[in-house]
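Peer 1: Below is a structure I'd like to ask you about.
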Amino acid sequence: MSTFALAMTIGGMVLFELRSMNSSGESIKALYAAESGIEWELYQTNYGAIEEPAMDNGTSFRTTSGPGYIRSVGTSIKVNRSLEATF
C-alpha cells in the first residue's frame, strides 16, 4: 500500500512539473505579445494609424492608451501577461 502511495505522489509531482514547464513557454509568448502591442501603439502614436500586426504563433494582444501611458495585455492560450509604458 505504501508503494502505491509513493508512486502516486511521485507521479503527481512529475505532472505538476510538466504543466509548469508548458506554462513557462506560454508565459514568455504572452509577454512578447504584450510587448508587440506596446510597440504597435508607439508606432501609431508617432507615425499614424497602421493595421494591427498578424501574430503567427497563436498569440494576441489588446491595448489601451491615454495621455502618457500605454497598457498592453498579451495572451497565449490561457496565459495573460501585461506591460505598461509611461511617457
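Since every read-out is calculated from the coordinates, none of them should be taken as a lab result. None of the values given here were measured: they were computed from a predicted structure. We place every Cβ from the backbone using ideal geometry, glycine too, and count neighbours over all the protein chains shown.
Peer 1: When residues of region 38-52 are filtered for being farther than 25 Å from Gly25 by Cβ and either exposed (fewer than 11 other Cβ atoms within 10 Å of the Cβ) or not aromatic (Phe, Trp, Tyr) (or both), how many remain? Give the steps one after another, and end with the answer.
Peer 2: Initial filter on region 38-52 (farther than 25 Å from Gly25 by Cβ): 41-51.
So of that shortlist, the ones also either exposed (fewer than 11 other Cβ atoms within 10 Å of the Cβ) or not aromatic (Phe, Trp, Tyr) (or both) come out as 41-42, 44-51.
Total satisfying the criteria: 10.
Peer 1: Can I ask one more? So which residues in region 53-80 are aromatic (Phe, Trp, Tyr) and surrounded by fewer than 18 Cβ atoms within 10 Å (Cβ to Cβ), if there are any at all? Quick ask: steps written out before the conclusion?
Peer 2: Residues of region 53-80 that are aromatic (Phe, Trp, Tyr), as a first pass: 61, 69.
Correct list: Tyr69 only.
Peer 1: Can you name the number of the only condition in (1) in contact (Cβ under 8 Å) with a residue 24 or more places away in the chain; (2) in a strand (DSSP E or B) that Ile38 fails?
Peer 2: All conditions are met except number (2).
Peer 1: So Ile77 ticks every box in (1) within 10 Å of the chain's Cα centre (by Cα); (2) on the phi < 0 side of the Ramachandran plot but one. Which box is left unticked?
Peer 2: For Ile77, the failing item is (2).
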